Amino acid sequence: MLGLRCSSCGEWHESTIRYQCEACGNSLMAEYDYNRIFRKFSFENAGMASGIWRFKPLLPVGPNVAPVTLGEGSTPLLRANRLESALSLANVFLKNETVNPTLSFKDRALSVALTVAGQLGAEAVVTASTGNTGVSAAAYAAKSGLPCTLFVPKSTPRAKLYAMKRYGASLHQVDGTFSDAYLLAKEVAERKRWFNLTSTFLNPFAVEGHKTLAYELVEQMKEVPDWVIIPIGAGPLLVSVYRGFLELRLAGRINTIPRLVGVQAAGCAPIARAFAQDKTEVEPWEAPETMLSAIADPLSSYPADGSRTLKVIRESGGQVVAAPDEAVLGDQEWLTRQEGLYVENASASTLTALKILLKQRVVRESDSVVLVLTGHGTKETE
Ligand SMILES: *Cc1c(COP(=O)(O)O)cnc(C)c1O
Ligand SMILES: [Zn+2]
């Protein structure tokens, strides 16, 4: 890794604990010397071992650093044959992220985050979370031996709160939305100089872990799908998956990039609203009202993160869909009973979005489509 660069103005920064561009205040991203990396590393020979660390040269850690790992990544890609029959579709695949060590894709990021925390000499970690980041942070902090403090909205599902405590994290339930928890975590991180792992674009190292999902998809499909459908809060998973596809193209492994679809809850859809109104700047959502807790992010104090996600979606030729709760709950039940996959409501929104885009004739019956099933339903029982 070369260093950190501003996602907006391009200013370079040294690779230390930092979260924003000093010049313009926007989010940072890790930069690599790709020419050097691809001289030695190729996606075709990423090694026989499993997991995200097969791709270590493309992750923001030094070559001699031992990863903090629980066996994340290398998740199955399943053919959705029951879904194909039901909707008369030809090529639908389910990327099953529910089998990660703490049952969501967040493990890809938190494995990287806790590895970097050790590398940079952090004494403790802190994060705001809608649930899954907190559970994952608590697990990887336990594995690394660093103390972990979590800020979550009061509405966080009980099973997630329980898991955070079992892993030994110090837990603070905030009377407010995710955005309120975000500000508290940020304040504590600055005051105590703890490493902030919050899974927006705040931590430029953590998000890099999500790129590995794109690498795996291309390996598993042996081609590039037409569409990848991803539930989004602020959107770091989607943005990082896009970056993974760009890197695959840069390495000559693929020629095209899929169209990316971001799905939001209709009752908390700041990015979908800006997309529908042809705007480039996302504005915060005033009063979130949704049961899809994992993606209920009104972006209250960092709407620029939403604008960054929106830009990437447009660049890919994609779409942003607002999925109504009632439809999503029905699709969650359908996936459980027909495909045998018990996923979170937020994850089932990908199926709702697919149906909406089929109806709009945006997605065609013959297109190849991947639904990213981001989290397991067992942590969301109420
Ligand atoms: C975090 C999360 C998302 C949204 O991801 P972002 O990239 O943070 O916007 C989607 N689904 C589940 C289950 C999640 O936990
Ligand atoms: Zn900048």
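Rule-based calculations on the coordinates, nothing more; no lab input. What you are looking at is a predicted structure, and each value in this text was computed from that prediction instead of being measured. Don't worry about glycine lacking a Cβ; one is built from the backbone with ideal geometry, like all the others, and counts go over all protein chains shown.
In whole angstrom, how far apart do the alpha carbon centroids of segment 1-57 and segment 161-217 sit?
Taking the Cα centre of each part, segment 1-57 and segment 161-217 sit 20 Å apart.
Kindly identify the chain as rounded, prolate or oblate by the Cα gyration tensor criterion: order the square roots of the eigenvalues as a ≥ b ≥ c, call it rounded if a/c is under 1.5, otherwise compare a/b with b/c, prolate if a/b is larger, else oblate.
Rounded shape, in that the Cα axes give a/c under 1.5.
For segment 254-279 and segment 312-353, what is the separation of their Cα centres, given in Å?
When both Cα centres are located, 13 Å separates them.
Around residue 200, under 9 Å between beta carbons, what's the net of Lys plus Arg minus Asp minus Glu among the other residues? Provide the component values of the computation, followed by the final result.
On the way: positive: none; negative: 297, 305.
Once positives and negatives cancel, what remains is -2.
Determine, for 313, 257, 229, the number of other Cβ atoms within 10 Å of each Cβ, and report the residues in order from fewest to most.
257, 313, 229
Only bridges with both residues in the chain count here: give the DSSP antiparallel percent, nearest 5.
Numbers: 13 of 43 bridges.
About 30 percent, rounded to the nearest 5.
Once you've got the GNM for the chain with C-alpha springs shorter than 10 Å, pick whichever of 149, 280, 350 has the biggest mean-square fluctuation.
Fluctuation is largest for 280.
Which whole-Hz ³J(HN,Hα) couplings does segment 62-79 yield from phi under the Karplus relation 6.51 cos²θ - 1.76 cosθ + 1.60, θ = phi - 60°, glycine and proline marked x?
Along segment 62-79, the couplings run x, x, 9, 7, 7, x, 8, 10, 10, x, 6, x, 6, 7, x, 10, 9, 6 Hz.
Please say if segment 287-367 is rounded, prolate or oblate, where rounded means a/c under 1.5 for a ≥ b ≥ c the square roots of the C-alpha gyration tensor eigenvalues, and otherwise the choice is prolate for a/b larger than b/c and oblate otherwise? Spell out each step's value before the answer.
On the way: a/c = 2.30, a/b = 1.22, b/c = 1.90.
Oblate, since a/c reaches 1.5 and b/c is not below a/b.
Counting only residues 5 or more places away or on other chains, whose amide H sits under 5 Å from the amide H of residue 124 once H atoms are built in the peptide plane?
195
Mind listing the phi-derived Karplus ³J(HN,Hα) values for segment 18-31, rounded to whole Hz, using 6.51, -1.76 and 1.60 with θ = phi - 60°, and x for any glycine or proline?
Once θ is set to phi - 60°, the couplings for segment 18-31 become 7, 10, 9, 5, 6, 7, 10, x, 7, 6, 9, 9, 6, 10 Hz.
Can you give the calculated 222 nm mean residue ellipticity of the chain, where each DSSP H run of n ≥ 4 adds -39,500 (n - 2.57) and the sum is split over every residue, rounded to the nearest 500 deg cm²/dmol? Mind showing how you got there, number by number?
Working: 12 runs with 141 residues, N = 382.
Taking each H run of at least 4 residues, the total per residue is -11500 deg cm²/dmol.
Return 175, 325, 297, 331 ranked ascending by Cβ neighbour count within 10 Å, so the fewest neighbours appear first.
So the residues, fewest neighbours to most, are 175, 325, 331, 297.
Would you mind computing, in nm to one decimal, how far apart the modelled labels at residue 329 and residue 24 are, each placed 7 Å from Cα along Cα→Cβ?
The answer from the label model is 4.3 nm.
Please give the contour-minus-distance gain from residue 278 to residue 162: 0.36 nm per residue of separation, less the Cα-Cα distance, rounded to one decimal in nm.
Fully extending the segment from residue 278 to residue 162 adds 37.6 nm.
Suppose each label sits 7 Å from its Cα in the direction of the beta carbon; what would the residue 381-residue 226 distance come out to in nanometres?
4.1
Return the sequence-ordered ³J(HN,Hα) values of segment 99-108 in whole Hz as given by the Karplus equation 6.51 cos²θ - 1.76 cosθ + 1.60 applied to θ = phi - 60°, using x for Gly and Pro.
Those phi angles translate into 9, 5, x, 10, 6, 8, 4, 4, 4, 4 Hz.
How high is the relative contact order of the chain, in percent, counting Cα pairs under 8 Å that sit 6 or more residues apart?
For the chain, the relative contact order is 17 percent.
Using the crude model of +1 on Lys and Arg Cβ and -1 on Asp and Glu Cβ, and no other charge, please compute the dipole size for the chain relative to its Cα centre, in debye to 20.
Roughly 780 debye for the chain.
Under unit Cβ charges (Lys, Arg +1; Asp, Glu -1), what dipole magnitude, rounded to 20 debye, does segment 179-287 have relative to its Cα centre?
280
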